[in-house]
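> Mind having a look at this structure? Questions to follow.
The values are calculated or read from the model by the stated rules, or taken from the named source; none is laboratory data. These numbers come from a predicted model, not from an experiment. Cβ coordinates were reconstructed from backbone atoms using ideal geometry, including for glycine residues, and neighbour counts include every protein chain displayed. In case anyone asks, the SASA skips ligands and DNA or RNA and just uses the protein heavy atoms, side chains included. Shrake-Rupley method; radii C 1.70, N 1.55, O 1.52, S 1.80 Å.
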Amino acid sequence: MTPFERIVTEHGPVVLRVCRAVVGPDDAEDAWSETFLAALRAYPRLAPEANVQAWLVTIAHRKAIDITRARARRPVSVEHVPERPAVDGLPREPDPVWAALRDLPDKQRQAVAYHHVAGLPYREIAELVGGSADAARRAAADGIARLRATIGSEEGKL
């Protein structure tokens, strides 16, 4: 048995109990694993006279802090998601332009957005999405035609 394996065998149960006490039973095994992974990386630099158990508990403490912070950032599940009120007090209608854009094939949607929204020339669009400048021009034209057919042209603006 290698020296580090002996350390895990000898101190593993104590570290697991510490992890359970600090982070709770749900995250204890993750904290324990993270502790011993970090300890394995640092073990070659450990001084021979070091208190191994205190060293491991210190690492476990730091891993517990990491897990506690990560837990605080996780979303909390709720039974019912509250509705967000509209800013103007009116119910929100689905945006027909976004719905029509979402339904376009990827290359058409990208070409329309990159050319008509961002103002990129077709040569640069081709570099971004692949293909030729002519293919990008065709995708943008097909996308605009499909948008016009789907939602109509607001006085020729689409």
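> Helix 28-42 versus the longest principal axis of the chain: what angle, 0 to 90°, nearest 10, using Cα atoms?
It works out to around 80 degrees.
> Quick check: pseudo-label points 7 Å beyond the Cα along Cα→Cβ at Asp134 and Phe4, how many nm apart are they?
Between Asp134 and Phe4, the simple spin-label model gives 6.0 nm.
> I need the fraction of alpha carbon pairs in the chain separated by more than 18 Å, rounded to a whole percent.
73 percent
> Which whole-number percent is the relative contact order of the chain (Cα, under 8 Å, 6+ apart)?
16 percent
> Determine ³J(HN,Hα), in whole Hz, for all residues of the range 124-140 in sequence, where each value follows from phi through the Karplus function 6.51 cos²θ - 1.76 cosθ + 1.60 and θ = phi - 60°; x replaces Gly and Pro.
In residue order, the calculated couplings are 6, 5, 4, 5, 6, 9, x, x, 9, 5, 5, 5, 5, 5, 5, 5, 5 Hz.
> Tell me, what is the 1.4 Å probe accessible area of Tyr43, in Å² to the nearest 10?
70 Å²
> Also: Per residue of the range 57-68, what does 6.51 cos²θ - 1.76 cosθ + 1.60 with θ = phi - 60° give for ³J(HN,Hα)? Whole Hz please, x for Gly and Pro, Karplus curve as stated.
5, 5, 5, 4, 4, 5, 5, 5, 4, 4, 5, 5
> Return the long-range amide H neighbours of Leu104 (sequence gap of 5 or more, or a different chain), with a cut-off of under 5 Å between placed amide H atoms.
none
> Quick check: the angle from helix 3-23's long axis to the longest principal axis of the chain, C-alpha only, nearest 10 degrees?
It works out to around 70 degrees.
> Quick check: with the 1.4 Å probe, what order do Trp98, Trp55, Trp32 take by accessible area, largest first?
If we order Trp98, Trp55, Trp32 from most to least accessible, we get Trp98, Trp32, Trp55.
> Rounded to the nearest 500 deg cm²/dmol, what is the calculated helix-only ellipticity per residue at 222 nm for the chain, with -39500 (n - 2.57) per DSSP H run of length n ≥ 4?
-20500 deg cm²/dmol
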